[in-house]
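Each remark here refers to the structure printed beneath this line.
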Amino acid sequence: MLFQLVDAGLGIAFVPSLGLRADTSPTVVWLEVDDPECRRVLSVAWREDTYLSAAARRFRDHTVDHFHAQAEAGPRSD
């Protein structure tokens, strides 16, 4: 829907680079924003009241542990 609005000339939009693959309009121009650094917040979600397979639990636990460790280490300097 957002791409159709831009394609119709109704404005501009900030979208993740993944959106570039979804856009097939030859009239929409893409500009990569890399300065200042752009970041996106992602979340992990699951239902506590339903069964999670062992693999899903391990993935969830690994992901939570990994990002907690990164948050404790502080911002990267690259």
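A few points about this structure:
- Residues of the stretch 38-78 with amide N under 14 Å of the 7 Å Cα→Cβ point at MET1: none
- Calculated volume of the Cα convex hull per residue in Å³ (choose from (i) 168; (ii) 154; (iii) 97), label: (i)
- Surface share of carbon and sulfur [accessible, 1.4 angstrom probe, percent] for the chain: 58
- Extended-chain gain in nm, criterion 0.36 nm per residue less alpha-carbon gap, LEU10 and ALA55: 11.7 nm
The values are calculated or read from the model by the stated rules, or taken from the named source; none is laboratory data. Since we're looking at a predicted model, the values are computed, not measured. Methodologically, a virtual Cβ is constructed for each residue, glycine included, from the backbone with ideal geometry; neighbour enumeration extends over all protein chains shown. Remember, those area values only see protein heavy atoms, side chains included, never the ligands or the DNA or RNA. Shrake-Rupley method; radii C 1.70, N 1.55, O 1.52, S 1.80 Å.
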